[in-house]
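Worksheet: one structure, shown below.
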Amino acid sequence: MKSHRHMLCLTLSLLAGGVPALADERESYLQNKWVEKPLPGVAPVDDARYKEACGSCHFPYQPGLLPALSWERLMAELSSHFGDHAELPPDEANAVRNYLLNNAAGRNNYAVSAKMTAIAGREPPLRISELPYFVKEHAKVDLQRVKDNPEIRSLSHCNACHTRADEGSYSEQEIRIPQAQAGAGQP
Ligand code: HEC
Ligand code: HEC
């Protein structure tokens, strides 16, 4: 009872203005609040199991890069995954699927995620690199040069060019295309 009353006092004093201003907006996202203004980029990956299961062959794409329907389709076809076998044991597959669906584009307020949700009435693609917003943003990239460059090889390797991709940051200022002559899209 005593500690209960103590809690009440604490709560009241917090309500009275004792709450320290949230350190930053990211922190308020972590408390599951929909923030007023979209945060930049996408939410970084915060699930070690996902990183391990899906980050061994390529960059572990942030869940917020694809709409939930795309993740759902992709997780249903892991035995033939872009020519690879990526099947997981059932319990692991379930955990990964839940993580992806709960954090898919449209499930939180990040600017890049919001743009990735635009699929223009089409069936949701399996690839981030086939989403209309992605295609539009990469229209100037020379695909042959990407293919010929062993440091990039395909547009699927986000972190080959986006130096802070693993933090969920894709801003233009942070792009470094390996080998300057491959640099389409740079000022
Ligand atoms: C055995 C290797 C392997 C594993 C494990 C794997 N992938 Fe892939 N994944 C690939 C290959 C190969 C591609 C095609 C890459 C390319 O075209 O350059 C790909 C492509 C993708 C793409 C499309 C990227 C784009 O172009 O937009 C997504 C999304 C994806 N994988 C998600 C996952 C998820 C989620 C998991 C975990 C369940 C996973 N991958 C595990 C091999 C793998
Ligand atoms: C070959 C290098 C390269 C690869 C690989 C690449 N990108 Fe990009 N990305 C670019 C360039 C160049 C731009 C255009 C920047 C501009 O408009 O000046 C861009 C733009 C973007 C933008 C828009 C940024 C903004 O602020 O307007 C996003 C989001 C993005 N890329 C995400 C991705 C994701 C996700 C992947 C992996 C699936 C990826 N990119 C792979 C080079 C690359």
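Per-residue answers, yes or no, for (1) at pLDDT 95 or above; (2) within 16 Å of ligand 2 (Cβ to nearest atom); (3) not in a helix (DSSP H, G or I):
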{"position": "Leu10", "(1), (2), (3)": "no, no, no"}
{"position": "Ser13", "(1), (2), (3)": "no, no, no"}
{"position": "Ala23", "(1), (2), (3)": "no, no, yes"}
{"position": "Ser28", "(1), (2), (3)": "no, no, no"}
{"position": "Pro44", "(1), (2), (3)": "yes, yes, yes"}
{"position": "Glu52", "(1), (2), (3)": "yes, no, no"}
{"position": "Pro60", "(1), (2), (3)": "yes, yes, yes"}
{"position": "Gly64", "(1), (2), (3)": "yes, yes, no"}
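In summary, Asp166 fulfils each of the numbered conditions (1) part of a loop (DSSP other than H, G, I, E, B); (2) more than 10 Å from ligand 1 (Cβ to nearest atom) with the single exception of condition (1). In the set (1) open to solvent by less than 40 Å² (accessible area, probe 1.4 Å); (2) outside any helix (DSSP H, G or I), Val112 fails one condition alone, (2).
All conditions but one from (1) loosely packed, with under 12 Cβ neighbours inside 10 Å; (2) under 15 Å from the mean Cα position of the chain (by Cα); (3) of a type in the set (Asp, Glu) apply to Asp46; the one that does not is (1). Checked against the criterion of being among the polar types (S, T, N, Q) and open to solvent by 90 Å² or more (accessible area, probe 1.4 Å), the candidates Ser70, Ser56 yield just one match: Ser56.
The values are calculated or read from the model by the stated rules, or taken from the named source; none is laboratory data. These numbers were taken from a predicted model, which means no experiment stands behind them. Cβ sites come from the backbone with ideal geometry, for glycine too, and all protein chains shown count toward neighbours. SASA here: full protein model, heavy atoms, side chains in, ligands and nucleic acids out. Shrake-Rupley method; radii C 1.70, N 1.55, O 1.52, S 1.80 Å.
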